[in-house]
Amino acid sequence: MIRLADPRVECERRADGTIVLRSGHALGEVPRCLGDLLVRNAARDPDGVFLGERVPGSREWRTVTWAEALASVRSLAQALLELGAGPERPLLLISGNSIAHALLTLAAMHVAIPATPVSVAYSLMSRDFAKLRAIVEQVTPGVVFVEQLEPFAEALAATGLDRLPIIWRVGPRANFDDLCRTPVGPAVDSAFAALGPTSIAKILFTSGSTGLPKGVINDQRMLCSNQAALARLWPFLAETKPVICDWLPWNHTFGANFNFNLILMHGGTAWIDEGKPAPGPFAATLANLRERSPTLYFNVPRGYELLVPALARDAELCERFFARLQVIFYAAAALPQNLWTRLEVLAEAARAQNPAGDRVLMASAWGSTETAPCSTAVHWPIERAGVIGNPMPGTSIKLVPTADKYELRVRGPNVMPGYWRNPELGAAAFDDEGFYRIGDAGKLADPDHPERGLMFAGRIAEDFKLSSGTWVHVGKLRVELIAAGEPLISDCVIAGHDRPALGLLIFPNLSACREQAGLANDTPVERVIAAPEVRRAIAASLARHANANPGTSTRIDRALILAEPPSIDANEITDKGYINQRAVLDRRAAELERLFGESPDVLIPELG
């Protein structure tokens, strides 16, 4: 087994039932800034590959070494200053992960220009550009980056970004490569020397699950303390340089602050995966994993939902994936236990082929954009999904009693100083002891042994009561129902606030449903969800779950399969695939009426 810190916590139990947990491990030395890590790695391993990406339309990979990265970052930093970016005029990045995106982000942070990556969906999937426009108004950027101009032209024009200096790498008159050769003046070294813990590194926007996105200030202390804490809990990272093959978007804290910064901290290699967990683009992910065996693999549950069957049916891919894998890590949403179990079986089978190999650690963590991202992390072998670990060194977790679980609150150097240009909103996010109210619920895996970790118990705001007064704990139930309906249920939303029984809105896995019904891939969605084979199979899965969970707070009484996928413009889903329960229920009032009415398309599970 890889070397891990022991699960050690300090536990303060208060008279009112509140519990405060702290790591039993000291935080230790924290880097001054992320730029110092880049400089250190360029000195220690100048020719080592830092970043790689697939050349579009080719089997070849484009790579950048640590020394090349540092040289480009310094030149790009000078160029950004000359173009007018600064501490109050951030760099706005509206296209996805790429080497150019990474180097510009590092360049901005090198000279105290806040790097502001924005979800690509706000430009390419949105119809009204409302979220992008709101972000532009909040940020007032000085410079904009897109990988190529043409796909983003409409979004740039609609938001006025086309009037700002634009950097792009691909296409006519592309200027990125030229800017990488900008002569470096004294202003770059002066600005870099002045960086400190409170220097703003990034502005990361929340997904806007309860309104328009909020700009979270990420300072250098947050980002660097989080990596220093992880290094204490995962000491094996200092023994083998990490290699990742990762698609997670850098406008989210998971991909940007956990994964990318881990490579910076430990001098490893990040292969940029242009795929994503959707039936078409996921083919690129599988092709990349065949060629770039990771030491750590990060994904969201939707990604594992697609990966597990691919590994099971392709022995060569499975061998490559597990060849040197040390950690399988999930976050952003709860992982269904059936996926966890299938991953463990595959990992153990691969290990049987290589008895000298270590057991793969199944791990998770918990946090948010406001905590950069980790507040807790798993750093010991755990037996099942749901455990989110113990507090990070330097971080305190306050558990405030609510119903039969706890509201989780966070305090530590990893917590944001506030929201960009919105001090009132930031102040309201903290309690009277300075703990950030993250809005999540949890409980101790073993109340008598707090060192065995916390378990995630959903969002506080998602839970509701039936008309009987019985609480429904949405997070846990949702995961169980997805697992029960696998593979036909891609996601679901639980309804029933102030009603006598529970209903379910189902987002179907259309490819699996077409296969279930023996239909062609181009069969219209309305015909797919009406197919008797699909309806019977889903109803049967809900009946099995209901018979095993007969209580009114766990038994689904009726269900409706939705034809329209979740909308990113309406805040129903993030570009990582996480469903916003409240937004779906608010937007789909007509479907709710059908669900609880007499509509013939409602499924009624037959209970035993």
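The values are calculated or read from the model by the stated rules, or taken from the named source; none is laboratory data. Source: prediction; values computed, not measured. No Cβ is skipped: glycine too gets one built from the backbone with ideal geometry, and neighbour counts run over all protein chains shown. When the accessible area is computed, the model is the full protein with side chains, heavy atoms only, and any ligands, DNA or RNA have been set aside. Shrake-Rupley method; radii C 1.70, N 1.55, O 1.52, S 1.80 Å.
Identification of strands (runs of 3 or more DSSP E) wholly contained in segment 1-104 with 1 or more residues that are farther than 18 Å from Lys202 by Cα and at pLDDT 95 or above yields 9-13, 19-23, 49-54, 61-65. Report yes if some residue within segment 100-115 is over 22 Å from Asp219 (Cβ atoms) and touching a residue at least 40 places away in the same chain (Cβ under 8 Å); otherwise report no. Yes, segment 100-115 contains at least one residue that is over 22 Å from Asp219 (Cβ atoms) and touching a residue at least 40 places away in the same chain (Cβ under 8 Å). Return yes or no: is Leu466 of a type outside the set (S, T, N, Q), within 20 Å of Ser599 (Cβ to Cβ) and either in contact (Cβ under 8 Å) with a residue 60 or more places away in the chain or in contact with a His (Cβ under 8 Å, 6 or more places away or on another chain) (or both)? When the stated conditions are applied, Leu466 does not pass them. Of the residues making up segment 442-451, those that are surrounded by fewer than 13 Cβ atoms within 10 Å (Cβ to Cβ) and of a type in the set (D, E, K, R) are Asp446, Asp448. In the set (1) without any contact (Cβ under 8 Å) to a residue 60 or more places away in the chain; (2) over 29 Å from Cys33 (Cα atoms); (3) over 22 Å from the mean Cα position of the chain (by Cα), Ala130 fails one condition alone, (1). Taking the criterion of being touching a Gly at 6+ places or on another chain (Cβ under 9 Å) and of a type in the set (Val, Ile, Thr), the residues of segment 340-398 that qualify are Thr371, Thr376, Val378, Ile382, Val387, Ile388, Thr395, Ile397. Only one of Ala559, Ala546 is surrounded by 20 or more Cβ atoms within 10 Å (Cβ to Cβ) and either at pLDDT below 95 or within 30 Å of Ser368 (Cα to Cα) (or both); which? Only one candidate qualifies: Ala546. Being modelled with pLDDT under 95, polar (S, T, N, Q) and either out of contact with any strand residue (DSSP E or B) (no Cβ under 6 Å at 6 or more places or on another chain) or open to solvent by 40 Å² or more (accessible area, probe 1.4 Å) (or both) is the requirement here; does Asn509 meet it? So Asn509 fails the test. Report whether or not Ala107 is of a type in the set (A, V, I, L, M), open to solvent by less than 20 Å² (accessible area, probe 1.4 Å), touching a Ser or Thr at 6+ places or on another chain (Cβ under 8 Å) and part of a helix (DSSP H, G or I). When the stated conditions are applied, Ala107 passes them.
Screening Ile561 on (1) under 28 Å from Asn299 (Cβ atoms); (2) in contact (Cβ under 8 Å) with a residue 60 or more places away in the chain; (3) in contact with a strand residue (DSSP E or B) (Cβ under 9 Å, 6 or more places away or on another chain); (4) β-branched (Val, Ile, Thr) shows it passes everything except condition (2).
Identify, please: which residue in segment 567-596 is at pLDDT 90 or above and in a loop (DSSP other than H, G, I, E, B) and is, among those, nearest to Ile538 (Cα to Cα)? Checking each candidate, the answer is Phe596. Checked against (1) open to solvent by 20 Å² or more (accessible area, probe 1.4 Å); (2) at pLDDT 95 or above; (3) of a type in the set (A, V, I, L, M); (4) within 23 Å of the chain's Cα centre (by Cα), Met455 meets all criteria but (2). The residue pairs whose first member lies in segment 304-319 and is at negative phi and assigned to a helix (DSSP H, G or I), whose second member is among the polar types (S, T, N, Q) and surrounded by fewer than 17 Cβ atoms within 10 Å (Cβ to Cβ), and whose beta carbons are closer than 8 Å, counting only pairs six or more residues apart or on different chains, are Glu319/Gln353.
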